[in-house]
Ligand code: ASP
């Protein structure tokens with residue numbers, strides 16, 4: 001034996017053969033072969049096989065015969081080379097095993113509600129209830145480590161670029177980011193409330209007024225989102241702000257960061273600079289502001305070609321100011337009636353009045369010229385089908401975006417190994433909310449595009465914004481803008497958004513006042529780390545990358561939260577709970 005080391009279970013290798021070791025870990029598996037008992041002992045670094053031989057160490061062997069899965073044990077022994085033929089190439093420790101001389105059971109374990117294994121087929125609710133067991137699975141541990149490494153790269157990179165991390169408070173006043181605020185009652189100021197940050201937006205801008213110049217923070221943000229599969233209420237973001245900068249500075253900074261993250265974590269060289277596309281072209285070509293460029297299908301506008309068409313289904317929406325958009329379905333001639341019905345159902349589900357296709361029933365209402373124009377605009381060839389949607393522009397875009405994705409999925413057109421980042425820039429300053437009212441596109445602090453300033457009152461929806469999103473493989477991984485830094489302009493934007501003078505004063509007075517004390521032009525960006533992790537780890541489920549996630553219905557199944565509180569606590573907070581009446585609609 002050459003000295004004593006206390007390594008991790010999963011880090012033992014052939015070079016350790018001959019070493020005496022003391023290991024701590026969880027029993028992953030036990031195989032009892034009579035005189036020989038084998039266990040796989042697991043810790044965060046992996047697992048190693050430990051052998052108990054009754055002839056050599058009868059006492060340790062006896063104790064090993066009582067071990068069960070997930071017991072926590074201490075093992076002393078010697079690292080030995082496995083017999084030729086019994087190596088396990090699937091385990092990084094597979095060339096060696098530990099011949100145990102001593103065994104101590106530190107903590108016994110009940111049979112876990114599911115196997116602690118990567119491919120466990122357990123109900124998600126059960127996994128979340130026992131998250132501490134779920135997190136024992138090797139894949140989850142790797143995920144936590146990956147997340148740690150990503151954040152580490154961010155810290156190092158931001159520091160190297162002279163950004164300093166500044167903590168901003170959790171108890172704030174509301175900051176609009178498009179969600180509801182979580183609010184916290186103040187015990188000492190009855191009837192008054194703090195808001196938890198939807199983002200540190202206003203504070204980071206105030207830090208620019210304070211002369212910090214380059215700020216970042218790994219910031220926790222809380223957004224009381226409605227129940228939607230792709231929304232989480234608690235997010236962590238890399239939050240960045242800088243002074244005297246333009247869009248170009250922000251792009252260069254973030255491209256450099258992603259290049260580092262992809263290189264260090266995935267050994268991938270991202271092509272820099274990223275391509276850019278403006279929002280209008282993006283919505284037209286891809287039907288979404290988060291296009292996935294790993295497949296080529298582009299949507300075409302065929303409105304002009306069909307303006308005089310005999311087909312009323314297509315002409316009527318055009319006459320009402322709408323558009324007709326078309327996309328190619330490669331080899332779509334062979335689609336069955338059922339498949340076409342599914343696509344039509346999908347289009348209708350997304351709000352379209354209907355779905356048309358050529359060749360198809362509409363052919364007889366179209367001239368040869370119209371057909372030729374559609375085929376050429378969509379680059380459709382022999383055997384391809386073209387899907388058409390005629391509707392209001394926004395609707396047609398959304399539906400086309402969904403169909404484009406569905407076609408790519410069905411035809412397996414997505415080049416899974418590619419990384420295709422892009423910037424969507426410029427974007428629009430305003431958009432329509434679900435009720436048809438004017439609201440901000442990014443947030444109300446975003447600077448309008450200087451040349452579009454005159455349109456603010458007359459054609460607000462056409463006003464572009466100095467806002468940008470960074471999209472990777474169809475997922476928005478960062479978004480930000482150059483900000484307004486003039487009081488007058490900021491007030492004007494608030495007014496266009498329908499805020500009264502009093503509301504502007506009470507909600508944003510501090511920011512407007514600050515703009516009167518020497519304010520540098522500034523801009524920034526934020527990147528949602530949960531989403532970024534999903535992209536890096538190739539998962540669609542945010543709960544795979546968040547250590548202690550909530551369910552889709554915003555509950556913590558492990559802690560049993562939210563939950564009621566003691567009446568005395570409510571009293572102290574001067575709060576009375578009014579339970580919703582039966583049948584009252586709670587927001588969903
Ligand atoms: N505050 C924005 C957000 O959280 C990011 C930014 O504009 O910098 O999305």
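Where a number appears in this text, it was derived from the coordinates with a stated rule and is not lab data. As the structure is a prediction and not an experimental result, all values here were calculated from the model. Here Cβ is always computed from backbone atoms with ideal geometry, including for glycine, and neighbour counts include all displayed protein chains.
The table below gives the values:
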item: Additional length obtainable on full extension of the chain from residue 148 to residue 363, 0.36 nm per residue less Cα span; result: 71.7 nm
item: Theoretical FRET efficiency, 1/(1+(r/R0)^6), r = Cβ-Cβ of residue 171 and residue 487, R0 30 Å, to 0.05; result: 0.70
item: For the stretch 436-477, diffusion coefficient by Stokes-Einstein and Kirkwood Rh (Cα), 4 °C, 1.567 mPa s, µm²/s; result: 111
item: Intensity falloff of the stretch 131-172 expressed as log10 I(q)/I(0), Debye formula with alpha-carbon point scatterers, at q = 0.22, 0.34 Å⁻¹; result: -0.76, -1.06
item: Isotropically averaged projected area of the stretch 537-587, using the convex hull of Cα atoms (one quarter of hull area), nm²; result: 5.8
item: Spin-label pair residue 78/residue 117, simplified geometry with 7 Å Cα→Cβ offset, distance in nm; result: 3.4
item: Between 0 and 90°, nearest 10: helix 368-378 axis offset from the chain longest Cα axis; result: 40
item: Fewest-first ranking of 319, 225, using other Cβ atoms within 10 Å as the exposure measure; result: 319, 225
item: Convex hull volume per residue in cubic angstrom - Cα atoms of the stretch 269-344; result: 151
item: Relative pair counts by distance (%), Cα atoms of the chain, 10 Å bins; result: 3, 13, 19, 20, 19, 14, 8, 3, 1, 0
item: Relative contact order (%) - criterion: Cα under 8 Å, at least six apart; region: the stretch 51-167; result: 22
item: Radius ratio Rg over Rh of the stretch 37-167, counting only Cα atoms, Kirkwood formula for Rh; result: 1.11
item: Between helix 337-349 and the chain: long-axis angle, C-alpha atoms, 0 to 90°, nearest 10; result: 80
item: Burial ranking of peptide ranges 399-407, 531-539 (average Cβ count within 10 Å, highest at the top); result: 399-407, 531-539
item: Quarter of the Cα convex hull surface for the stretch 375-532, i.e. its orientation-mean projected area (nm²); result: 13.1
item: Nearest-0.05 FRET efficiency for residue 544 and residue 106, computed from C-beta distance (R0 35 Å); result: 0.70
item: Inter-probe distance in nm under a simple model that places probes 7 Å from Cα toward Cβ, at residue 278 and residue 574; result: 5.2
item: Inter-part distance where the stretch 486-531 and the stretch 158-189 are each reduced to a Cα centre, Å; result: 15
item: Calculated FRET efficiency for the pair residue 8/residue 439, C-beta based, R₀ 41 Å, to 0.05; result: 0.20
item: Packing-based ranking, highest mean first, of 111-117, 461-467 given that Cβ atoms within 10 Å are counted; result: 461-467, 111-117
item: P(r), alpha carbons of the stretch 250-397 - 5 Å bins starting at zero, rounded %; result: 2, 9, 16, 19, 18, 11, 6, 7, 7, 4, 2, 0
